[in-house]
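Any read-out appearing in this document is the output of simple, stated calculations on the displayed coordinates, not a laboratory observation. Every value quoted in this text rests on a predicted model; they were computed, and no experiment measured them. Neighbour counts run over all protein chains shown; Cβ positions are idealised from the backbone, glycine included.
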Amino acid sequence: MKDKTEPTYDDAPYTEQSLAQLALAATAQDLADFLIGFVAVWRTSEPRPVEDAARFVRRAQELLDRAVIVQKAGGASWEDIGDDLEITRQSAHARFRQAVEEWEVAVKRPIVTDEIYGITGGLETRTYNRMPAGTATPDETAAYLDKWAIAHAQADGRDVGERPVSGGLTRMDPLLELMTLTDRSSALREEFLAPPPHLMAEIRERAAVLWERLAAGPHPHRDAKKYAAEEREKAATYRAQDAHAKAIAETQTPDQHAGEHARRWPKEIYGPYRTFPDLATARDWCAHCNVWIGTAAAARE
C-alpha cells in the first residue's frame, strides 16, 4: 500500500524562521551590491569614501540585526546570542531587543491600514506592510535572489543548485498556521479596544479553511470538521456584526453616533469618536467602530 504524504499548499505562509532568513538574505544581497562601489577607483572631483563607509557600517549593523532575528526565530536564547558575539546575555538583550520586538510585532500583524485626515480635506486610507524589505512579497524576493546567487556563483565557477534561496524556505503546516492566527487575534485585541469585526472575520475564515484541510489530510484530526464548522459560524457572526454596524452608522448623524458611544461606554473613553471629518459630505469616520458615519443621513439632506 502506498504511503500517504502530507499535502503542501502554495497559499500557506512561510514560517517565521524562513521569513527571517529571507530578510537576512535580502539584506546581504543589498550590502554585497553596495560594496561593489568601493572596488573601482572612481575618478570623481569630490570623492567621499568616509561617508560611503559609514553608510556601509550602518547597513552592516542591520545585517547583524537580521542575523540575530534568524537565530531567535530558530529558538536561540539571549545567552546563545551573547556567546556568539562574546558579550554577556544582558548586553545582547539590551543591544538587539528592539530589533527583535519590532520583528515579532510585524510578524503578528504585518498588514496595517491607517485612516488619515488629509491636508486637502477628506479621509485618506493608507495600507502598508510592516515586514522588512524582501519579506512583504517573499516569493518574488526569493525568485530574484535565486537568480542573483546563481549568477554570482557561475561567475566564480561554483554550483549552488537551481534554487539556492527559495529551496531553503519552508511553508507552515495547517496546525502551525492556526497557532499564528491565535497570535494575530491577540495582536488585534491589544491594538484595538474593540477589534474591527471584518478583521476578526478574516482570521476565522482562514481558520476554517485550515481545519477543513486537516479534516481532509492523510491523518485527519478527529474533531477537525466540527472545529471548521465552528470557525465558519464565528466568521459569519463577525460579518453580520460588521454589516450591522455599518448599516446603523449610515442612518446616524455624527452627534447621534457620539451619543451612542457615551451611552454604551459611560465610564470609558473610546475616542476620539469623530476623528476624521470628511468636509465634502459632512460625514465622519469613527476610528473605534471602523465605519463611516452619516452616509444615508447626508444623502437625504
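Some notes on this structure:
- A simple spin-label model places pseudo-atoms 7 Å from Cα toward Cβ; at SER186 and ASP10 they are separated by 3.3 nm.
- Highest to lowest packing among 141-147, 79-85, scored as the average C-beta count within 10 Å: 141-147, 79-85
- The HN-Hα couplings worked out from phi for the stretch 153-162 by the Karplus form 6.51 cos²θ - 1.76 cosθ + 1.60 (θ = phi - 60°) are 5, 5, 5, 9, x, 9, 10, 10, x, 7 Hz, whole numbers, x standing for Gly and Pro.
- For ARG222 and VAL50, a Förster radius of 51 Å and the Cβ-Cβ distance give a FRET efficiency of 0.20, rounded to the nearest 0.05.
- Within the shell defined by Cβ-Cβ distances under 12 Å, the residues around ARG59 carry a net charge of -2, with Lys and Arg each +1 and Asp and Glu each -1.
- Built amide H within the under 5 Å cut-off of VAL291, gap 5+: CYS286
- Sites ALA155 and HIS198 - FRET efficiency at Förster radius 35 Å, r taken between beta-carbons, to 0.05: 0.10
- For the peptides 171-179, 153-161, 199-207, the ranking by packing is 199-207, 171-179, 153-161, with the highest mean count of neighbouring Cβ atoms within 10 Å listed first.
- Charges were assigned to the Cβ only: +1 to each Lys and Arg, -1 to each Asp and Glu. The resulting dipole of the stretch 165-271 about its Cα centre is roughly 260 debye.
- R0 of 30 Å, Cβ-Cβ distance VAL39-THR137: FRET efficiency to nearest 0.05: 0.50
- Estimated at 0.36 nm per residue, the fully extended path between LYS147 and VAL57 surpasses their Cα-Cα distance by 29.8 nm.
- Packing-based ranking, highest mean first, of 218-228, 48-58, 68-78 given that Cβ atoms within 10 Å are counted: 68-78, 218-228, 48-58
- Label-point separation, ILE87 to LYS246 (7 Å along Cα→Cβ), nm: 4.9
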